[in-house]
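The values are calculated or read from the model by the stated rules, or taken from the named source; none is laboratory data. As the structure is a prediction and not an experimental result, all values here were calculated from the model. For neighbour counting, all protein chains shown are included, and Cβ atoms are generated from backbone atoms with ideal geometry for every residue, glycine included.
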Amino acid sequence: MSEDISKIAMIAIILEGMITYFKEFFVTGTFPWQMILSLILGIIVAVAYKLDLPKYLNIESHIPYVGCILTGILLSRGSNYLHDIFTSLNLIK
């Protein structure tokens with residue numbers, strides 16, 4: 001049961017990050033070059049090192065690299081954001 005809650009929380013957090021980026025890129029009307037650079041670097045690092053947080057939580061995609069890309073989005077949000085995620089998923093004690 002707690003594993004299911006962790007999966008749901010993980011997906012919700014990833015979606016929140018994607019919505020935040022979507023809002024910044026298309027709604028505000030400004031060009032957030034720092035966010036874009038952070039997003040690109042996060043995805044490159046996650047793909048290069050095959051970092052796949054959803055796979056770690058047994059959420060596997062049938063589409064190659066989707067987990068790495070989603071992990072890259074999380075990485076691009078920063079270390080405080082990731083610490084909060086890991087704490088809420090009880091991955092950090």
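A few comments on the model shown:
- Yes/no for Phe25 being among the aromatic types (Phe, Trp, Tyr) and loosely packed, with under 14 Cβ neighbours inside 10 Å: no
- Ile43 vs. criteria in a loop (DSSP other than H, G, I, E, B) and either closer than 28 Å to Asp4 by Cα or over 13 Å from the mean Cα position of the chain (by Cα) (or both): no
- Among the residues listed as Lys50, Lys55, the single one being of a type outside the set (S, T, N, Q), in contact with a helix residue (DSSP H, G or I) (Cβ under 9 Å, 6 or more places away or on another chain), exposed (fewer than 14 other Cβ atoms within 10 Å of the Cβ) and touching a residue at least 12 places away in the same chain (Cβ under 8 Å): Lys50
- Selection of region 23-43 for residues being within 18 Å of Leu70 (Cβ to Cβ) and either in contact with a strand residue (DSSP E or B) (Cβ under 9 Å, 6 or more places away or on another chain) or at pLDDT below 80 (or both) yields Glu24, Phe25.
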